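*Asks:* Provided herewith is a single structure, encoded as structure tokens, for subsequent inquiry.
The values are calculated or read from the model by the stated rules, or taken from the named source; none is laboratory data. Given the structure is predicted, the values throughout are model-derived calculations rather than measurements. So basically every Cβ, Gly included, is an ideal-geometry build from the backbone, and we count neighbours across all protein chains shown.
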Amino acid sequence: MIDQAVAKFLRTLDVDELLLYVCVALPEEVRRQVLERRAEIALKMLERGKVSVGMAAKLAGIPINEMVKLAVKRGLKPFAG
């Protein structure tokens, strides 16, 4: 998806720079690929404790109850602290 040179460059950016770059410069194909995998990526972020179940649902573009079902199916406890 993203080659090593681009990945290395992205790691050098601060948050504002990264947001600007992602919003403007990423090719439409990369955006499409990410959006196709958004539920899986959101579940991974939920599993790692990076986002709440509500934010995971928002990132995935699905209702919270659907995210809870996906999380439970994956063996996660979405409301466990």
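*Asks:* Can you name every residue in the range 1-54 that is out of contact with any helix residue (DSSP H, G or I) (no Cβ under 7 Å at 6 or more places or on another chain), under 30 Å from R74 (Cα atoms) and in a loop (DSSP other than H, G, I, E, B)?
*Replies:* D3, R37, R48, G49, K50, S52
*Asks:* Inspect all residues belonging to the range 12-25 and state whether any of them is under 28 Å from A71 (Cβ atoms) and touching a Lys or Arg at 6+ places or on another chain (Cβ under 7 Å). Walk me through it before giving the result.
*Replies:* Looking only at the range 12-25, we keep the residues that are under 28 Å from A71 (Cβ atoms), and these are 15, 18-19, 22.
Next, from what is left, pick out any that are touching a Lys or Arg at 6+ places or on another chain (Cβ under 7 Å): none.
Within the range 12-25 (the criterion being under 28 Å from A71 (Cβ atoms) and touching a Lys or Arg at 6+ places or on another chain (Cβ under 7 Å)), the answer is no, since none of the residues qualifies.
*Asks:* Another question, if that's okay. Of all residues in the range 35-52, count the ones that are more than 20 Å from C23 (Cβ to Cβ) and surrounded by 17 or more Cβ atoms within 10 Å (Cβ to Cβ).
*Replies:* The number of residues fulfilling the criteria is 3.
*Asks:* Right, another one. Picking from V22, V30, which residue would you name as being touching a residue at least 24 places away in the same chain (Cβ under 8 Å), surrounded by 12 or more Cβ atoms within 10 Å (Cβ to Cβ) and not assigned by TED's automatic domain parsing to the domain that holds E66? It would help to see each step written out before you state the result.
*Replies:* Working: V22 fails: touching a residue at least 24 places away in the same chain (Cβ under 8 Å).
Within the list V22, V30, the selection yields V30.
*Asks:* While we're here: Looking only at the range 60-68, decide whether some residue is exposed (fewer than 15 other Cβ atoms within 10 Å of the Cβ), in contact (Cβ under 8 Å) with a residue 12 or more places away in the chain and assigned by TED's automatic domain parsing to the domain that holds V6.
*Replies:* No, the range 60-68 contains no residue that is exposed (fewer than 15 other Cβ atoms within 10 Å of the Cβ), in contact (Cβ under 8 Å) with a residue 12 or more places away in the chain and assigned by TED's automatic domain parsing to the domain that holds V6.
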